[in-house]
1. Identify the single condition in (1) touching a residue at least 60 places away in the same chain (Cβ under 8 Å); (2) more than 20 Å from Q23 (Cα to Cα); (3) open to solvent by less than 60 Å² (accessible area, probe 1.4 Å) that L117 does not satisfy, given that it satisfies every other one.
2. Any residue at all in the stretch 49-70 that's open to solvent by less than 60 Å² (accessible area, probe 1.4 Å), assigned to a strand (DSSP E or B) and among the aliphatic types (A, V, I, L, M)?
3. Six or more apart or on different chains, Cβ under 8 Å: which pairs go from a residue in the stretch 11-23 that's more than 17 Å from Q72 (Cα to Cα) to one that's hydrophobic (A, V, I, L, M, F, W, C)? Could you list them?
4. If you take the residues of the stretch 71-100 that are polar (S, T, N, Q) and touching a Ser or Thr at 6+ places or on another chain (Cβ under 9 Å), which of them is most open to solvent (accessible area, probe 1.4 Å)?
5. Can you list residue pairs whose Cβ atoms sit under 6 Å apart, with the first residue in the stretch 79-105 being under 27 Å from C31 (Cα atoms) and the second being among the aromatic types (F, W, Y) and surrounded by fewer than 13 Cβ atoms within 10 Å (Cβ to Cβ)? Count only pairs 6 or more apart in sequence or on different chains.
6. Can you pull out every residue in the stretch 35-68 that is over 10 Å from the mean Cα position of the chain (by Cα) and among the β-branched types (V, I, T)?
Amino acid sequence: MPHRFPSGGTGTRTAFFGSQPSQSAQIRSWCQRGVRLPAHRAFPVLVVVSELVANAWLHSASGAECGRVRIQMRHLLERVLLVAVTDDGPRPGQTVCLPRLSPEADALATCGRGLRLVDRLSVEWGWSGEPGRPLTVWAHIDPYAPAHESVEA
């Protein structure tokens, strides 16, 4: 079960989840309840949160035993949501990995698309924190924005 904290009047929902990928469904459920939108409108939020959490588990100490991620959600404007995922910082001995878009991924590659999805589904995204310490990756999402269509050459 995630550890929930009161919003403190700011409208921010916060929860901590562990390092187990088996918690993915629980994280999506927590987010779905928090956005209070129909499933088709909540979909971009759930995809973005899932990708940010998966990256935290893969690239930081959040994926190690006893690791955790902090997820925050808040309505910024009438139609824009802020979602933020904070990791536990780098694993001991691991090279610091900062969030950045990689070059276009091979269509058949099994990884490298996560931040591209975040980029496509967000109004904007970025990160805060100090390299070598816990990082927060955030995204502003408009669940009412029209879906992007990929154009293949």
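The values are calculated or read from the model by the stated rules, or taken from the named source; none is laboratory data. From a predicted model like this one, the values you see are computed outputs, not experimental measurements. Positions of Cβ are generated from backbone atoms using ideal geometry, with glycine treated the same way; all protein chains shown enter the neighbour counts. These accessible areas exclude ligands, DNA and RNA; they are computed on the full protein's heavy atoms, side chains included. Shrake-Rupley method; radii C 1.70, N 1.55, O 1.52, S 1.80 Å.
1. It is condition (3) that L117 fails.
2. Step one: filter the stretch 49-70 for residues open to solvent by less than 60 Å² (accessible area, probe 1.4 Å), giving 49-57, 60-64, 67, 69.
From the residues that got through so far, the ones that are assigned to a strand (DSSP E or B) too are 69.
Imposing the further condition that a residue be among the aliphatic types (A, V, I, L, M) reduces the set to 69.
Yes; the residues of the stretch 49-70 include at least one that is open to solvent by less than 60 Å² (accessible area, probe 1.4 Å), assigned to a strand (DSSP E or B) and among the aliphatic types (A, V, I, L, M).
3. Note: pairs meeting the criteria are P21/A54; P21/W57.
4. Step one: of the stretch 71-100, the residues polar (S, T, N, Q) are 72, 86, 94-95.
Then keep just the ones that are touching a Ser or Thr at 6+ places or on another chain (Cβ under 9 Å); that gives 72, 86, 94.
On the way: Q72: 50, T86: 21, Q94: 65 Å².
Only one residue tops the list, namely Q94.
5. R79/Y144
6. Initial filter on the stretch 35-68 (over 10 Å from the mean Cα position of the chain (by Cα)): 35-44, 57-68.
Answer for the stretch 35-68, where residues must be over 10 Å from the mean Cα position of the chain (by Cα) and among the β-branched types (V, I, T): just V35.
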